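Asks: Got a structure here, written out as structure tokens. Questions coming.
The values are calculated or read from the model by the stated rules, or taken from the named source; none is laboratory data. All values reported here derive from a predicted model rather than from experimental measurement. Here the Cβ positions follow ideal geometry from the backbone for every residue, glycine too, while neighbour counts run over all protein chains shown. Note: areas computed on protein heavy atoms with side chains; ligands, DNA, RNA excluded. Shrake-Rupley method; radii C 1.70, N 1.55, O 1.52, S 1.80 Å.
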Amino acid sequence: MDVIDIAMVTWPNIPKRLDYFRQTIESVKANLTAKRHELRFYCSAETERDPHPDDGWRGDELTELCKQHGITLQWREEPANLGANMNAAIRMGSGRFVYLQQDDWRLDHNLDLSRRRADAVKTF
């Protein structure tokens with residue numbers, strides 16, 4: 001069975017960002033399917049701290065959230081950079097296909113990533 005890697009990115013530098021990620025995980029787990037593929041979830045998270053420490057670091061909560069949802073978590077130890085973090089998340093997996101999921105992109109409708117076999121064959 002082919003694998004689709006669900007590559008997620010986040011930066012748990014403020015409480016609101018973790019709330020977004022929690023909502024995103026719940027929406028993806030509820031609405032994303034792939035009937036003929038195995039889905040494997042990965043998350044690359046930034047470690048750079050917010051310059052406003054009053055906002056509060058949420059790294060421990062992120063670790064627990066990923067554990068609860070079966071998401072492999074990896075910390076990126078360089079200055080925060082969305083593009084670099086996306087690349088890090090994509091490199092975590094080894095599947096044939098990758099679905100990139102940002103931490104504040106909710107999936108509000110059903111999405112099946114496996115095309116029906118009849119759709120997979122194009123005729124001209």
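Asks: Accessible area, 1.4 Å probe, largest first: how do Thr24, Thr63, Thr47 sort?
Replies: Thr63, Thr47, Thr24
Asks: Follow-up. Given Cα pairs under 8 Å that are at least 6 residues apart, what percent is the relative contact order of the chain?
Replies: 43 percent
Asks: Considering amide H positions built from the backbone, and no H for Pro or chain starts, which residues 5 or more places from Phe97, or on another chain, come under 5 Å of its amide H?
Replies: Val3, Asp5
Asks: Same structure, new question: Ordering His52, His37, His109, His69 by how much accessible area each has at a 1.4 Å probe, largest first, what is the list?
Replies: From most accessible down to least: His109, His52, His69, His37.
Asks: Sort Phe41, Phe21 from largest to smallest accessible area, using a 1.4 Å probe on the heavy atoms of the protein chains.
Replies: Largest accessible area first, the residues go Phe41, Phe21.
Asks: Under a 5 Å amide H to amide H cut-off, with H placed in plane at 1.01 Å, what residues pair with Phe41 once short-range neighbours are removed?
Replies: Ile6, Thr72
Asks: Now for a separate question. Quick one: what are the phi-derived ³J(HN,Hα) couplings along the range 10-17, Karplus 6.51/-1.76/1.60 with θ = phi - 60°, whole Hz, x for glycine and proline?
Replies: 7, 9, x, 8, 9, x, 4, 4
Asks: A further question follows. Using a probe of 1.4 angstrom, how much of the accessible area of the range 39-114 is carbon and sulfur, in percent?
Replies: 47 percent
Asks: What does the charge dipole of the chain about its Cα centre add up to, to the nearest 20 debye, if the Cβ of each Lys and Arg holds +1 and the Cβ of each Asp and Glu holds -1?
Replies: So the magnitude is around 900 debye.
Asks: In degrees, nearest 10, range 0 to 90: what is the angle between the Cα axis of helix 82-92 and the longest Cα principal axis of the chain?
Replies: Helix 82-92 and the main axis of the chain meet at about 60 degrees.
Asks: Would you mind working out the accessible area per residue for the range 5-124, using a 1.4 Å probe, and quoting it in Å²?
Replies: With the other protein chains kept in place, the range 5-124 gives 62 Å² per residue.
Asks: Can you divide the C-alpha Rg of the chain by 2.2 N^0.38 Å and report the result to two decimal places?
Replies: 1.15
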